[in-house]
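These notes concern the structure reproduced below.
The values are calculated or read from the model by the stated rules, or taken from the named source; none is laboratory data. The structure displayed is predicted, hence computed values, not measured ones. Reconstructed Cβ throughout: ideal geometry from the backbone, glycine too, with neighbour counts over all protein chains shown.
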Amino acid sequence: MLTNLLAMLMLATSVHASAPNGAHYQTVPTARLVRSARAVLPAKPVSTHASVIGAPKALRVPRGKVSLRAVRPSGHWPRARVAVPVRVLVDGVARGQATIWFAVRAPASGWVFRGDMPADAKVDASDVVTGDFDRARIHSVPVQNMSRLSDMRLKHAVMAGMPVVQGDFEAVPMVDAQSRVEVHLAMGNIRMEVKGQALASGGHGDVIPVLVHGASAPVRARVQSQGVVQVVQ
């Protein structure tokens, strides 16, 4: 009997002792954390839609004035997934942090490839059609003026329906690897022009290896103009 009474007294004491501790804490609702994170997402393009795919439960922090500081995403935007850290401060002192994850969509219309195309291919208006795509799933700027691609070529192969973006293109070099070139040689007052094969690509002023026809080893030559190189000593 005495043992049971002591146990009941100890239980009551522990309950009353823990109650004041709970009174010193408060919770920051998940919805408030999400609102803070969403507020720092870039507003453009206007078609962008962000859905929450990951958020912590309400945070328990000491009592006091709560303020939230969300960190604006940096880097490419829009992108398919983005994490926004939210710092939780109580009376100006950091008391916790939550990370809110968003799935992002940015529907857009523009040029897409009409069909599959290989690397190094040149692209003109006949190779593209108007189509829909998600800007959050591309990592470059969509091409809007096809005339700007006149001196460009594809860096890599593309598939039909893919958006036409600037990052897929590179300038066509004056001399392409494995192409035939006109090789100029100068030795004193002697000038010669022979044929050769470029072993690497290069633009104006670049020095590349060139194998002169009939030679057993390549020479170093500077790109002068389209398909023309000058042997350097």
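Numerical summary
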| item | result |
| --- | --- |
| Some residue of region 144-154 being free of Cβ contacts under 8 Å to residues at least 40 places away in the same chain, closer than 30 Å to Arg32 by Cα and not assigned by TED's automatic domain parsing to the domain that holds Gly196 | no |
| Test: Thr48 is surrounded by 14 or more Cβ atoms within 10 Å (Cβ to Cβ), touching a strand residue (DSSP E or B) at 6+ places or on another chain (Cβ under 9 Å) and closer than 25 Å to Val158 by Cβ | yes |
| Boolean, Ala83 is in contact (Cβ under 8 Å) with a residue 12 or more places away in the chain, farther than 27 Å from Ala23 by Cβ and hydrophobic (A, V, I, L, M, F, W, C) | yes |
| Yes/no for Arg87 being surrounded by 14 or more Cβ atoms within 10 Å (Cβ to Cβ), of a type in the set (Lys, Arg), within 19 Å of the chain's Cα centre (by Cα) and at pLDDT 95 or above | no |
| For Arg95: the one exception among (1) free of Cβ contacts under 8 Å to residues at least 60 places away in the same chain; (2) among the basic types (Lys, Arg); (3) farther than 30 Å from Gln26 by Cβ | (3) |
| Selection from region 210-233 of residues that are over 34 Å from the mean Cα position of the chain (by Cα), within 24 Å of Lys155 (Cα to Cα) and surrounded by 14 or more Cβ atoms within 10 Å (Cβ to Cβ) | Val210, Arg222, Gln224, Gly227, Val228, Val229 |
| Number of positions in region 62-84 that are surrounded by fewer than 14 Cβ atoms within 10 Å (Cβ to Cβ) and either assigned to a strand (DSSP E or B) or in the same structural domain as Pro163 (by TED's automatic domain parsing) (or both) | 5 |
| Count of region 121-143 residues which are outside any strand (DSSP E or B), of a type in the set (A, V, I, L, M) and more than 23 Å from Gly203 (Cβ to Cβ) | 3 |
| Failed item in (1) at positive phi; (2) charged (D, E, K, R); (3) at pLDDT below 95, with Glu170 passing the rest | (1) |
| Scan of region 144-197 for residues that are of a type in the set (Asp, Glu), in a loop (DSSP other than H, G, I, E, B) and exposed (fewer than 12 other Cβ atoms within 10 Å of the Cβ), ordered by number | Asp151 |
| Any hit, region 106-119, residues being in a loop (DSSP other than H, G, I, E, B) and polar (S, T, N, Q) | no |
